[in-house]
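Novice: Take a look at the following structure, please.
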Amino acid sequence: MITYDVAIIGGGPAGYTAAERAGAAGLSTVLFEKNALGGVCLNEGCIPTKTLLYSAKVLDTIKNASKYAVGAENASADLPKIIARKNKVVKKLVAGIRMKMKEHNVVTIEGTAEIKGHASNGTITLTCAGENYEAKHLIICTGSETIIPPIPGLDKTGYWTSREALQAKELPESLVIIGGGVIGMEFASFFNSMGTKVQVVEMLDEILTGMDKELAAQLRAEYIKRGVTFYVGHKVTEVNETEVAIEKDGETFILQGEKVLLSVGRRPVTQGFGLETLSVEKFRNGVKVNEFMQTSLPNVYACGDITGYSLLAHTAVSEAEVAVKHIAGKSTPGMSYKAIPGVVYTNPELAGVGATEEQLQAEGKAYSVKKIPMAFSGRFVAENEMGNGTCKIILSEDETIIGAHLLGNPSSELVVIAGIAIEKGFKAHELASIVFPHPTVGEIFKEALI
């Protein structure tokens with residue numbers, strides 16, 4: 001039996017990144033994946049949804065071409081072809097990951113790995129498909145799964161999760177989305193652009209919990225204009241095929257929808273692979289780690305959604321890089337969560353990084369806000385006819401940039417600038433002193449801070 005330097009369970013963003021980095025560092029590496037390389041992000045999440053959303057954005061652009069003095073009539077979308085293109089994109093990217101694994105001599109095993117425990121020499125023992133494996137270090141990257149709440153009638157209803165929605169061959173005439181988080185809003189955006197009547201039910205008083213509340217409300221207002229109906233502060237009490245019962249303040253309503261899409265969140269996968277044999281310390285509903293991604297057992301690491309801290313692909317990638325550097329004995333300051341961007345890929349996009357006003361208020365910390373409309377950017381005005389948006393920058397008492405939140409395209413790209421400023425501890429005047437190319441939407445940061 002071969003003893004590997006590193007064994008990795010899970011081939012999502014954390015797992016395949018860890019495998020690539022470990023192989024590149026000269027560590028013998030084995031990667032176990034029970035479904036498909038790329039994990040949920042590449043196969044059922046980040047990439048597929050963004051592929052669909054880009055098709056929707058193109059359709060929106062064509063439908064609104066007259067705003068830009070361009071004639072375009074009878075714009076339409078072909079859902080089966082959109083899904084086929086999405087599958088092609090996924091297939092191409094999965095092939096790219098396989099190539100990277102091969103390039104760095106990573107042994108990839110398809111199947112469900114099971115941890116058996118520690119051997120007498122301190123290594124971790126595992127089995128997969130009847131074969132035994134041994135590793136000096138283990139990195140757990142098992143990801144997360146969709147939460148299925150105990151709503152009466154749900155188990156008898158043919159509801160969608162993101163997985164089924166991404167494989168839809170026909171557009172429903174109407175759709176009820178349970179959950180107004182990132183996943184729910186992105187699907188609301190897509191199906192609204194496709195012409196489906198969309199209704200979104202959110203139990204809390206605003207959509208997109210964790211994002212800037214003011215900008216989330218502005219985004220909701222934009223989609224109300226486009227015909228999406230929102231029921232915030234409503235609880236789903238029952239689902240019966242095409243009927244969704246919701247309740248607020250003791251009053252019950254019945255929503256009709258040809259399909260029901262469930263998107264109330266995700267939770268770490270901690271069962272089904274023998275984690276209990278290691279008795280690692282838990283955190284929230286995941287596994288506790290230190291700044292180097294070590295669990296309570298020094299040669300067992302955990303990265304990605306399994307930590308229960310930040311269920312984002314880019315966080316998982318950074319955690320995997322830190323873990324492998326530590327295993328390889330390379331210098332690393334450890335994982336920093338100070339500037340983890342969050343993006344909602346609706347149209348317009350909403351993005352944020354660092355502290356929110358709501359967070360600072362809850363913590364009783366003093367702060368100030370610099371806020372201006374995105375229309376202060378000439379490039380934004382030129383490319384977003386009649387479009388609205390906001391740039392909000394949050395400063396500490398000494399004018400260090402500690403948060404930034406943007407509504408308007410292309411917020412997903414602009415938020416990187418703010419993230420760098422926050423991570424490096426820039427003062428407001430330091431970011432304002434940077435020379436931005438003109439005209440760019442990124443100049444909005446300079447405009448907000450001068």
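Novice: Among the residues of segment 253-265 satisfying the criterion of being modelled with pLDDT of 95 or more and not in a loop (DSSP other than H, G, I, E, B), which is farthest from Ala7 (Cα to Cα)?
Specialist: Selected residue: Ile254.
Novice: Next up: Could you list, in sequence order, all residues of segment 266-297 that are over 23 Å from Gly111 (Cα atoms) and either assigned to a strand (DSSP E or B) or assigned by TED's automatic domain parsing to the domain that holds Phe191 (or both)?
Specialist: Lys282, Phe283, Gln294
Novice: Can you tell me which residue is surrounded by the most Cβ atoms within 10 Å (Cβ to Cβ) among those in segment 151-173 that are outside any loop (DSSP other than H, G, I, E, B) and either over 26 Å from the mean Cα position of the chain (by Cα) or in contact (Cβ under 8 Å) with a residue 40 or more places away in the chain (or both)?
Specialist: The residue in question is Ala165.
Novice: So, one more: Test Thr270 against the criterion of being out of contact with any Leu (no Cβ under 7 Å at 6 or more places or on another chain), among the hydroxyl-bearing types (Ser, Thr, Tyr), modelled with pLDDT of 95 or more and buried (at least 19 other Cβ atoms within 10 Å of the Cβ), and give yes or no.
Specialist: On the way: out of contact with any Leu (no Cβ under 7 Å at 6 or more places or on another chain): yes; among the hydroxyl-bearing types (Ser, Thr, Tyr): yes; modelled with pLDDT of 95 or more: yes; buried (at least 19 other Cβ atoms within 10 Å of the Cβ): yes.
Answer is yes for this residue.
Novice: Is there a residue being closer than 23 Å to Gly11 by Cβ, touching a residue at least 60 places away in the same chain (Cβ under 8 Å) and small (Gly, Ala, Ser) anywhere in segment 274-290?
Specialist: yes
Novice: Here's another thing I want to ask about it. Among the residues of segment 5-22, count how many are surrounded by fewer than 24 Cβ atoms within 10 Å (Cβ to Cβ) and farther than 16 Å from Lys102 by Cα.
Specialist: Qualifying residue count, segment 5-22: 1.
Novice: For segment 192-228, enumerate the residues that are of a type outside the set (Lys, Arg) and assigned to a helix (DSSP H, G or I).
Specialist: Within segment 192-228, Asn192, Ser193, Glu214, Leu215, Ala216, Ala217, Gln218, Leu219, Ala221, Glu222, Tyr223, Ile224 qualify.
Novice: Out of His326, His314, report the one residue that is assigned to a helix (DSSP H, G or I), more than 22 Å from Ile124 (Cα to Cα) and not aromatic (Phe, Trp, Tyr).
Specialist: His314
Conditions tested, residue by residue: (1) assigned to a helix (DSSP H, G or I); (2) in contact with a Gly (Cβ under 7 Å, 6 or more places away or on another chain); (3) small (Gly, Ala, Ser).
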{"residue": "Lys67", "(1), (2), (3)": "yes, no, no"}
{"residue": "Gly71", "(1), (2), (3)": "no, no, yes"}
{"residue": "Ile83", "(1), (2), (3)": "yes, no, no"}
{"residue": "Lys92", "(1), (2), (3)": "yes, no, no"}
{"residue": "Lys100", "(1), (2), (3)": "yes, no, no"}
{"residue": "Ile109", "(1), (2), (3)": "no, no, no"}
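The values are calculated or read from the model by the stated rules, or taken from the named source; none is laboratory data. Worth saying up front: this structure is predicted, and the values here are computed from it rather than measured. Heads up, the Cβs are rebuilt from the backbone with ideal geometry, glycines too, and the neighbour counts pull from every protein chain shown.
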